[in-house]
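S.K.: The structure that follows is given in the form of structure tokens.
The values are calculated or read from the model by the stated rules, or taken from the named source; none is laboratory data. Worth saying up front: this structure is predicted, and the values here are computed from it rather than measured. Neighbour counts are summed over all protein chains in view; Cβ atoms, including those assigned to glycine, are modelled from backbone coordinates with ideal geometry. For accessibility, only protein heavy atoms count, side chains too; no ligands or nucleic acids. Shrake-Rupley method; radii C 1.70, N 1.55, O 1.52, S 1.80 Å.
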Amino acid sequence: MRSEVAAPEAAPEPTAERRARGNRESGAWYPRWYWPSFATPAILWLALLFVLPFYVVLAIAFGTVDIFQNPLPVYQPWYWSFATFNQTLTRFVGTNPFYKPALIRTLVYVPAASLSCLVLGYVVAYFVARHGGRLKGLYLVLLISPFFISYLMRIYAWQSLLLTDGVINRFLIKLHLTSAPVNWLSGRPVTVVLGLVYGYIPYMILPLYGQLDRIDQSLLESGRDLGASPARTFLRVTLPLSRQAILAGLVIVSLPMFGDYFTNNLIGGVKTSMYGNLIDNAVASPGGGPQAGSLVLILVVLLLIPLAYYLRSTKRATEAGL
Amino acid sequence: MHPARRRLISRRDFLRGAGGTALALPSLGALLEACAKPGSQQPVASGTSIENLLAHPARRDNPVTLPLFEQPIAPDTPIERDATLKIYNWDYYIWPKLARDAFEKKFADYNVKVEITWFYDINPAIAKLQSGQVQADVFFPDPSELTRLVIAKQLRPLQQELIPNLAANYWPEFQNPFYDQKWRYSVPYAIYTTGIAYRRDHLNDDEVGGRDNPYEVLWDPTWKGRVSIYDDYRETIGMALLKNGITDVNTGNPDAINTAKEDLLGMIDATDPYKKINGIYVRMAHDDMWVGQSWSGDIVNAYVYNAPPGTPNDVWGYWYPQNGGMIGNDLMVIPKGGQNPRLAHEFLNFMLDQKNSYLNFADYNGYQSPMTSINPDALVPAKLPTKIDVAYDAAGNLLYPTGLSQAVVVPEQFDKGYTLLEMTPAANQLWTDAWDEISAGA
């Protein structure tokens, strides 16, 4: 597969000079704007659904509130006020940093849940890709089937399953794993982390499966032929080849987890508040609009760091031809 | 394919082209420049009586008459035909069988349809009314939002001749309420107190009402993990104020608010409360929570509607301070965006009807209406069979179990009670800042 693609690209990259002369030399007759214009739908899409909404977030964060304390966005940057943004920052780093615990919890819960997703998801994806056989299709359908019901609905279902008189407790008591019912919904970190794992794991499995399924069987056989044990083959061949999918999966599951609030809202408590809950609380409190906007901006900046790492790593992988 | 066409464009070429396209988009700044700074145009001119209303909001000792910006509809306005009457209410806070089915039947000659839309939070609901996203004929705010709704010209004044049921059926307290003198814009909907609900199969009455300060039960680590409070900054900070003997539940005093805040932070450490709006009527009904801050109507709703079948009637307990606690009422108003003002008046009068109002309370939402025909003594019989699920007498009247006797709201409680009302923006900011800290779980 890869060799087919690589062959035509083996020719030296066009030099800057050659690029400057345009496509005419290579025999094409398109005007210069022809190929870039293909980006227009995507640019419009991005502008409408990302740039504009993001500008509204800025306008709310640096805006004001109306007589009902509802947010009143200010679209002209020269009128922007940074007071609320600064106040929000001091709640993380000031003398009374009461937002900090929620941030720290998020920085613990999200990696814990993402890594759990990875470990569990890898096993499942590996099994389906390697040992799924003729049932692969069925396994995939089963994996995708939870998507038919919204995450919110599924967490609602967990809420009733986890009640003290709910199915889970009755089951645990029947198996004598616990003598008294466990109050799962009383703001336990483990409930929140498991809730996150449950909610986002399909997003981890699918990219992993996609990648693992594509790994050339002969590479594994070569590893074995060269004397590597199954474990070593896995560590030296399979794992490095699935590195990009692991990273993609981690990004796909952890980014939404950082903003997740309903998992904690529905099965957690005050003491398990996450960053998303800070935003949600600000949105819900009268006059909290600008503060919610500020919290969103701070989160975006924080998330740019792992995202930059991911982009850099993808770029390197592309360059390395992986 | 010709090799020239197969040539992939480089990433740089792509980005250059893409950037050009983006710049070609109409300049956002130019569009926006045309607008004035939002909020710079004050809705209220200084020195007017309206400004005074915002600075000195309605209180029991400061009754207000809300300004009229237009005249009510004429009493002989015809009932709209083929209309869809739009009701915009808190979730599950009105009985659809009554408000929709029975009302449609009553006005079948006019081919009227009723459409009920729920909202889950009042401020976003108001924002939707303001923006025109929701065009409601009838809306359900409380007195703390009423003044601003009127000043923002969101409400129609009421034509009182079309609503005779208020005078006929309701408590004198609501014939000329302090928050809306001469009831120009609002009629009462439901009334409630905020006390402490508890499961008597886990806590006996003495463990709550027998304490020197019964509010302290919510701070008692014995009940850790079983305590619930409302996720509502006004109610919960207000309760902490009352616990600390501060009876101005609309205070703008930073020290008082700080006292309440510190106390609530202490509660989170001590009992790790479940902070939700549906703690009582869902989780306590299922024996998951045992004691919590509760509106009187919520615990009645838990008993009437939400408890699993077979729950004995004597498990329900409710404590409310006899010397005065938190008390309030919701309203029905007619927003300006609605298309059917005459029908909306008919709806208000329909819901204030003695029978309809009672059915809505007793058969559905558990929130009492301030009707003279409801006899508080008759609501709580001396003895109630414990084994049946919900008790109605032979005539179909709702009966409260003894443990809920204090959940009955009586007119005198309004004289002694404290009501959450409109605050100045500065005071509101102090409250929301405190609530942010409490909710962050620091």
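S.K.: Could you please give the count of residues in segment A:268-322 that are assigned to a loop (DSSP other than H, G, I, E, B), among the small types (Gly, Ala, Ser) and closer than 30 Å to A:Arg214 by Cβ?
M.R.: Summing the residues that are assigned to a loop (DSSP other than H, G, I, E, B), among the small types (Gly, Ala, Ser) and closer than 30 Å to A:Arg214 by Cβ in segment A:268-322 gives 2.
S.K.: Could you grab me the full set of residues in segment A:39-68 that are in a helix (DSSP H, G or I) and touching a helix residue (DSSP H, G or I) at 6+ places or on another chain (Cβ under 6 Å)?
M.R.: Once the filter is applied, which keeps residues that are in a helix (DSSP H, G or I) and touching a helix residue (DSSP H, G or I) at 6+ places or on another chain (Cβ under 6 Å), segment A:39-68 yields A:Thr40, A:Ile43, A:Val57, A:Ile60, A:Ala61.
S.K.: Which of the residues that make up segment B:252-306 are surrounded by 22 or more Cβ atoms within 10 Å (Cβ to Cβ), of a type in the set (Asp, Glu) and away from chain A (no Cβ under 13 Å)?
M.R.: Correct list: B:Asp298 only.
S.K.: In segment B:203-228, what residues are over 26 Å from the mean Cα position of the chain (by Cα) and either free of Cβ contacts under 8 Å to residues at least 12 places away in the same chain or open to solvent by 60 Å² or more (accessible area, probe 1.4 Å) (or both)?
M.R.: Selection gives B:Asn204, B:Asp205, B:Asp206, B:Glu207, B:Gly210, B:Arg211, B:Asp212, B:Pro221, B:Thr222, B:Lys224.
S.K.: Can you name the condition, by its number, that B:Tyr400 falls short on among (1) modelled with pLDDT of 90 or more; (2) outside the structural domain of B:Leu146 (by TED's automatic domain parsing)?
M.R.: Tallying (1) modelled with pLDDT of 90 or more; (2) outside the structural domain of B:Leu146 (by TED's automatic domain parsing), B:Tyr400 fails exactly one: (1).
S.K.: Are any residues in segment A:106-163 among the aliphatic types (A, V, I, L, M) and in contact with a Gly (Cβ under 7 Å, 6 or more places away or on another chain), and if so, which ones? It would help to see each step written out before you state the result.
M.R.: Quick first cut of segment A:106-163, residues among the aliphatic types (A, V, I, L, M) only: A:107-108, A:110, A:112-113, A:115, A:118-120, A:123-125, A:128-129, A:135, A:138, A:140-144, A:149, A:152-153, A:155, A:157, A:161-163.
If the condition is that a residue be among the aliphatic types (A, V, I, L, M) and in contact with a Gly (Cβ under 7 Å, 6 or more places away or on another chain), then A:Leu118, A:Ile155 are the ones that fit.
S.K.: From the list B:Ala136, B:Ala125, B:Ala167, B:Ala152, exactly one residue is in the same structural domain as B:Ser357 (by TED's automatic domain parsing) and free of Cβ contacts under 8 Å to residues at least 12 places away in the same chain. Which is it?
M.R.: Every option except B:Ala167 fails the conditions.
S.K.: Provide a single number: the residues in segment A:68-93 that are open to solvent by less than 40 Å² (accessible area, probe 1.4 Å) and either within 10 Å of chain B (Cβ to nearest Cβ) or within 29 Å of B:Ile151 (Cβ to Cβ) (or both).
M.R.: The total comes to 9.
S.K.: Being open to solvent by 90 Å² or more (accessible area, probe 1.4 Å) and either among the aliphatic types (A, V, I, L, M) or over 22 Å from the mean Cα position of the chain (by Cα) (or both): is that true of A:Leu143 here? Outline the logic, then answer.
M.R.: On the way: open to solvent by 90 Å² or more (accessible area, probe 1.4 Å): no; either among the aliphatic types (A, V, I, L, M) or over 22 Å from the mean Cα position of the chain (by Cα) (or both): yes.
Against the criterion (open to solvent by 90 Å² or more (accessible area, probe 1.4 Å) and either among the aliphatic types (A, V, I, L, M) or over 22 Å from the mean Cα position of the chain (by Cα) (or both)), A:Leu143 does not qualify.
S.K.: Next question. Only residues that are within 10 Å of another protein chain (Cβ to nearest Cβ), open to solvent by 60 Å² or more (accessible area, probe 1.4 Å) and not in a helix (DSSP H, G or I): list them for segment B:110-131, please.
M.R.: B:Tyr120
S.K.: So is A:Val193 in contact (Cβ under 8 Å) with a residue 12 or more places away in the chain, within 19 Å of A:Asn265 (Cβ to Cβ) and of a type in the set (Val, Ile, Thr) or not?
M.R.: Judged against the criteria, A:Val193 is a match.
S.K.: Within the bounds of segment B:340-363, is there any residue that is open to solvent by less than 10 Å² (accessible area, probe 1.4 Å), in contact (Cβ under 8 Å) with a residue 40 or more places away in the chain and part of a strand (DSSP E or B)?
M.R.: Within segment B:340-363, not a single residue is open to solvent by less than 10 Å² (accessible area, probe 1.4 Å), in contact (Cβ under 8 Å) with a residue 40 or more places away in the chain and part of a strand (DSSP E or B).
S.K.: Go through (1) modelled with pLDDT under 90; (2) more than 13 Å from chain B (Cβ to nearest Cβ) one by one and return the number of the condition A:Ala112 breaks.
M.R.: (1)
S.K.: Still on this structure, please answer the following. Within segment B:229-283, take every residue that is of a type in the set (Ser, Thr, Tyr) and outside any helix (DSSP H, G or I) and give me the one that is nearest to the chain's Cα centre (by Cα).
M.R.: B:Tyr230
S.K.: Mind listing whichever residues of segment B:81-109 are among the hydroxyl-bearing types (Ser, Thr, Tyr) and open to solvent by 70 Å² or more (accessible area, probe 1.4 Å)?
M.R.: Correct list: B:Tyr92 only.
S.K.: More than 24 Å from the chain's Cα centre (by Cα), among the aromatic types (Phe, Trp, Tyr) and part of a helix (DSSP H, G or I): does that describe A:Trp29?
M.R.: When the stated conditions are applied, A:Trp29 does not pass them.
S.K.: Mind checking which residues of segment A:219-243 are acidic (Asp, Glu) and within 18 Å of A:Ala129 (Cα to Cα)?
M.R.: A:Glu221
S.K.: Counting just the residues of segment B:424-442 that are farther than 16 Å from B:Leu265 by Cβ and within 10 Å of chain A (Cβ to nearest Cβ), which one comes out least open to solvent (accessible area, probe 1.4 Å)? Lay out the reasoning, then the answer.
M.R.: Of all residues in segment B:424-442, those farther than 16 Å from B:Leu265 by Cβ come to B:424-429.
With the extra rule that they be within 10 Å of chain A (Cβ to nearest Cβ), the set shrinks to B:425, B:428-429.
Details: B:Pro425: 83, B:Asn428: 16, B:Gln429: 78 Å².
Per the criteria, the residue is B:Asn428.
S.K.: Considering segment A:220-238 alone, what residues qualify as being open to solvent by less than 50 Å² (accessible area, probe 1.4 Å) and not polar (S, T, N, Q)?
M.R.: Matches in segment A:220-238: A:Leu220, A:Gly223, A:Ala228, A:Val237.
S.K.: Still on this structure: Residues being open to solvent by 10 Å² or more (accessible area, probe 1.4 Å) and under 22 Å from B:Leu68 (Cα atoms): count how many of those fall in segment B:132-142.
M.R.: 3
S.K.: Among (1) assigned to a strand (DSSP E or B); (2) outside the structural domain of B:Tyr318 (by TED's automatic domain parsing), where does B:Thr147 come up short?
M.R.: Unmet for B:Thr147, out of (1) assigned to a strand (DSSP E or B); (2) outside the structural domain of B:Tyr318 (by TED's automatic domain parsing): (1).
S.K.: Among the candidates A:Ile205, A:Ile215, A:Ile246, which residue alone is within 19 Å of A:Val128 (Cα to Cα), crowded, with 20+ Cβ neighbours inside 10 Å and either at pLDDT 90 or above or away from chain B (no Cβ under 14 Å) (or both)?
M.R.: Numbers: A:Ile215 fails: crowded, with 20+ Cβ neighbours inside 10 Å; A:Ile246 fails: crowded, with 20+ Cβ neighbours inside 10 Å.
Only one candidate qualifies: A:Ile205.
S.K.: Do we find a residue being more than 9 Å from chain B (Cβ to nearest Cβ) and open to solvent by 40 Å² or more (accessible area, probe 1.4 Å) anywhere in segment A:94-101?
M.R.: Within segment A:94-101 (the criterion being more than 9 Å from chain B (Cβ to nearest Cβ) and open to solvent by 40 Å² or more (accessible area, probe 1.4 Å)), the answer is yes, since at least one residue qualifies.
S.K.: What number of residues within segment A:258-291 satisfy the criterion of being aliphatic (A, V, I, L, M) and either in contact (Cβ under 8 Å) with a residue 60 or more places away in the chain or open to solvent by less than 10 Å² (accessible area, probe 1.4 Å) (or both)?
M.R.: The initial filter retains those residues of segment A:258-291 that are aliphatic (A, V, I, L, M), namely A:266-267, A:270, A:274, A:278-279, A:282-284.
Now restrict to residues that are either in contact (Cβ under 8 Å) with a residue 60 or more places away in the chain or open to solvent by less than 10 Å² (accessible area, probe 1.4 Å) (or both): A:266-267, A:270, A:274, A:278, A:282.
Qualifying residue count, segment A:258-291: 6.
S.K.: Does segment A:313-321 contain any residue that is closer than 26 Å to A:Val56 by Cβ, open to solvent by less than 40 Å² (accessible area, probe 1.4 Å) and touching a helix residue (DSSP H, G or I) at 6+ places or on another chain (Cβ under 9 Å)?
M.R.: No, segment A:313-321 contains no residue that is closer than 26 Å to A:Val56 by Cβ, open to solvent by less than 40 Å² (accessible area, probe 1.4 Å) and touching a helix residue (DSSP H, G or I) at 6+ places or on another chain (Cβ under 9 Å).
S.K.: In the set A:Ile173, A:Ile168, which member is within 14 Å of another protein chain (Cβ to nearest Cβ), open to solvent by less than 90 Å² (accessible area, probe 1.4 Å), part of a helix (DSSP H, G or I) and β-branched (Val, Ile, Thr)?
M.R.: A:Ile168
S.K.: A further question on this structure: Starting from segment B:310-334, keep only residues that are charged (D, E, K, R), then list their pairs with residues that are open to solvent by 10 Å² or more (accessible area, probe 1.4 Å) whose Cβ atoms are within a distance under 6 Å, requiring at least 6 positions of separation or different chains.
M.R.: Short answer, once both residue conditions are applied: B:Asp314/B:Thr386; B:Asp330/B:Asp142; B:Asp330/B:Tyr189.
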